[in-house]
């Protein structure tokens, strides 16, 4: 229980830093999906980008189905 309280305090203290890191990761993933021609990396990053594209990703019109 003490560990949980410490985790909550840490998150409350560093909320801005955590949000910045998540934002940078989503931005990097959306740039990779948008700029690379291969589907290998797109298949890895696309679910992540689609989930967050409504909020902070660069490509707001992420496709739902990739061409084969």
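Taken together, the values in this text are just the output of simple stated rules run on the coordinates, not laboratory data. The model shown is predicted, which means the values in this text are computed figures rather than measured ones. Heads up, the Cβs are rebuilt from the backbone with ideal geometry, glycines too, and the neighbour counts pull from every protein chain shown.
Among 35-44, 3-12, sorting by the average number of other beta carbon atoms lying within 10 angstrom of each residue, highest first, gives 35-44, 3-12. If R0 equals 30 Å, the separation of the Cβ atoms of residue 16 and residue 44 corresponds to a calculated FRET efficiency of about 0.60.
Each of 33, 22 was scored by other Cβ atoms within 10 Å of its Cβ. Listed from fewest to most, they are 22, 33. Placing a pseudo-label 7 Å from each Cα along the Cα-to-Cβ vector at residue 35 and residue 23 gives an inter-label distance of 2.0 nm.
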